[in-house]
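Colleague: I'd like to ask you about the structure that follows.
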């Protein structure tokens, strides 16, 4: 919602430093860029506003929501610029301000700003445009976080329906929020059923969006959402497909995050199926593996107990051990990249 499609060189460098645990150095990079923008373009200039927004985006990533809110608000102030590209940047700053407010749990203030964003987007892009429709998605997300499930469903569904009618790829941004909102309201229908009619690249993007929002969502709603996602993947793609494997990994990883509140059966089933599918599909049809028991330690370590149809020869035993290790590694890798 906040980052520009192509972050500035300073922000890219700062994010790389942050990923390395060098938060102080990361801040220095974007602050130096802001000082350079002020010296070159002056106070009140758009380049300086962009630099302030980069500082805010870094602070958002760091969880420094109060700092980010102040910085985004500062970047958003001043007369409305006449140039459309600069207006788009101003809208991005406003979305960033709202995200910072949500991080501070100031839901009413965030909702007010996001409704202003919707009005601004309609004026900027046209009231019936795809960009206007998708501008409702962050609002729906904020309503959901505030516990206003009914309002969240209405806003998310309106955005979804408009984007579906337009046939626009931006619908992939509406799908995850709509799905969680429907589960929050206890709706039994699978929110992913329509994805069967979308191209695979759009399905992949939508699925990634669903999985990526899982860690921050309500655990019960996310559990129901991921169960529906897995059912969809099974029906459309079947066992062994990337989407199905990603869905299984998301289910397993979600339950791992819940600790004592996890559904142990759901977790064990997802892990067993993931490891079994990976291994059996690569064992050259030798029929060696008959069953697979799964166990877990408190730290999340997975224990595998394979049951065999016969005593394996040395080559088969080695292959099985390698494949089981690879299967677990694949599961962890999918969880790490999608979560």
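Colleague: For residue 26, indicate whether it is on the phi < 0 side of the Ramachandran plot and in contact (Cβ under 8 Å) with a residue 12 or more places away in the chain.
Modeller: So residue 26 fits the description; yes.
Colleague: Kindly establish whether residue 175 is over 16 Å from the mean Cα position of the chain (by Cα) and touching a residue at least 24 places away in the same chain (Cβ under 8 Å).
Modeller: In short, no.
Colleague: Please verify whether residue 144 is assigned to a helix (DSSP H, G or I), in contact with a helix residue (DSSP H, G or I) (Cβ under 9 Å, 6 or more places away or on another chain) and closer than 24 Å to residue 109 by Cβ, treating the condition exactly as stated.
Modeller: When the stated conditions are applied, residue 144 passes them.
Colleague: Anything in the stretch 235-247 that is without any contact (Cβ under 8 Å) to a residue 60 or more places away in the chain and either closer than 16 Å to residue 219 by Cα or part of a helix (DSSP H, G or I) (or both)? List them, or say none.
Modeller: 235, 236, 242, 243, 244, 247 - these are the residues of the stretch 235-247 that are without any contact (Cβ under 8 Å) to a residue 60 or more places away in the chain and either closer than 16 Å to residue 219 by Cα or part of a helix (DSSP H, G or I) (or both).
Colleague: Okay, next question. Looking at the stretch 64-97, which of its residues are over 18 Å from residue 50 (Cβ atoms) and crowded, with 17+ Cβ neighbours inside 10 Å?
Modeller: 64, 65
Colleague: Would you check which residues across the stretch 107-124 are over 16 Å from residue 88 (Cα atoms) and crowded, with 19+ Cβ neighbours inside 10 Å and list them?
Modeller: Result: 110, 111.
Colleague: Restricting to the stretch 277-317, name every residue that is free of Cβ contacts under 8 Å to residues at least 12 places away in the same chain and under 19 Å from residue 262 (Cβ atoms).
Modeller: 295, 297, 298, 299, 301, 303
Colleague: Could you list, in sequence order, the residues of the stretch 284-312 that are surrounded by 11 or more Cβ atoms within 10 Å (Cβ to Cβ) and over 18 Å from residue 252 (Cα atoms)?
Modeller: The answer is 286, 287, 288, 289, 291, 306, 308, 309, 312.
Colleague: Which of the residues that make up the stretch 170-190 are touching a helix residue (DSSP H, G or I) at 6+ places or on another chain (Cβ under 6 Å) and either surrounded by fewer than 17 Cβ atoms within 10 Å (Cβ to Cβ) or outside any helix (DSSP H, G or I) (or both)? I'd like the intermediate steps shown before the answer.
Modeller: Going residue by residue through the stretch 170-190, those that are touching a helix residue (DSSP H, G or I) at 6+ places or on another chain (Cβ under 6 Å) are 170-181, 183-185, 190.
The answer is 170, 185, 190.
Colleague: Let me ask something else about it. Just need a number here: residues in the stretch 98-120 that are under 24 Å from residue 55 (Cβ atoms) and in a helix (DSSP H, G or I).
Modeller: Count: 14.
Colleague: Tell me which residues, restricted to the stretch 178-221, are under 21 Å from residue 238 (Cβ atoms) and touching a residue at least 60 places away in the same chain (Cβ under 8 Å).
Modeller: 208, 211
Colleague: Find the residue count for the stretch 249-280, including only residues that are assigned to a helix (DSSP H, G or I) and within 18 Å of residue 221 (Cα to Cα). Spell out how you get there, then give the answer.
Modeller: Pass one, the stretch 249-280, residues assigned to a helix (DSSP H, G or I): 249-257, 259-261, 264-280.
From what's left, within 18 Å of residue 221 (Cα to Cα): 249-257, 259-261, 264-267, 270.
Counting residues in the stretch 249-280 that are assigned to a helix (DSSP H, G or I) and within 18 Å of residue 221 (Cα to Cα) gives 17.
Colleague: Got a sec? Which of 281, 272, 267 is buried (at least 18 other Cβ atoms within 10 Å of the Cβ) and out of contact with any helix residue (DSSP H, G or I) (no Cβ under 9 Å at 6 or more places or on another chain)? First the steps, then the outcome.
Modeller: Details: 281 fails: buried (at least 18 other Cβ atoms within 10 Å of the Cβ); 267 fails: out of contact with any helix residue (DSSP H, G or I) (no Cβ under 9 Å at 6 or more places or on another chain).
Only one candidate passes the filter, namely 272.
Throughout, read-outs are computed from the coordinates displayed, never taken from laboratory work. No experiment lies behind these values; they were computed from the predicted model shown. Glycine also receives a Cβ, built like all others from the backbone with ideal geometry; neighbour counts cover every protein chain displayed.
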